[in-house]
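Note sheet for the following structure.
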């Protein structure tokens, strides 16, 4: 994923990552719908509530001509937004400014020109955000049997 696309997805989440933050992404060998179901199921299995599913891909397709777009970007693209009271409390007790990172998100997309479905999330560089990094990585690994 390009840095520009990653930053655009982060801005959509409502939180711009620090320049030292990175992104973990994984290409999947399954359909977008199967991947979406697996991701949603894994988030819920962790006792979390999905606050919002941002349908970025359909929005960009729907507004393409209105904003002068000339290319189709995604076949589908979504961002799943959720929070964990336990993890959020832990990171905010360490540094109350970690409030700026909540809620957390995992993005899932397939490009319009084909190719693999991709899942990913921000990896926060601040050590105080390690519990969030672990939560996001655990959810993605559990949903897609990643090591």
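The values are calculated or read from the model by the stated rules, or taken from the named source; none is laboratory data. Values in this document were obtained by computation on a predicted structure and should not be read as measured data. Note that we place each Cβ from the backbone using ideal geometry, even for glycine, and neighbour counts take in every protein chain shown.
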* Just checking, how many residues over the range 119-143 are surrounded by 19 or more Cβ atoms within 10 Å (Cβ to Cβ), touching a residue at least 40 places away in the same chain (Cβ under 8 Å) and in contact with a helix residue (DSSP H, G or I) (Cβ under 9 Å, 6 or more places away or on another chain)? -> 10
* With respect to the numbered conditions (1) within 21 Å of residue 145 (Cα to Cα); (2) surrounded by 15 or more Cβ atoms within 10 Å (Cβ to Cβ); (3) without any contact (Cβ under 8 Å) to a residue 24 or more places away in the chain, which one is the sole condition not fulfilled by residue 33? -> (2)
* **Wholly enclosed helices (runs of 4 or more DSSP H) of the range 48-147 bearing at least 1 residues within 24 Å of residue 36 (Cβ to Cβ) and within 12 Å of the chain's Cα centre (by Cα)** => 56-63, 130-144
* Residues of the range 70-87 satisfying the condition of being touching a helix residue (DSSP H, G or I) at 6+ places or on another chain (Cβ under 8 Å) and either at pLDDT 95 or above or within 26 Å of residue 144 (Cα to Cα) (or both) -> 73, 74, 75, 76, 77, 78, 79, 80, 81, 82, 84, 87
* Return yes when residue 45 is exposed (fewer than 14 other Cβ atoms within 10 Å of the Cβ), modelled with pLDDT of 95 or more and either in contact with a helix residue (DSSP H, G or I) (Cβ under 8 Å, 6 or more places away or on another chain) or closer than 14 Å to residue 120 by Cα (or both) and no when it is not. => yes
* **Number of the condition not met by residue 27 [criteria: (1) in contact with a strand residue (DSSP E or B) (Cβ under 8 Å, 6 or more places away or on another chain); (2) surrounded by 16 or more Cβ atoms within 10 Å (Cβ to Cβ); (3) touching a residue at least 60 places away in the same chain (Cβ under 8 Å)]** => (2)
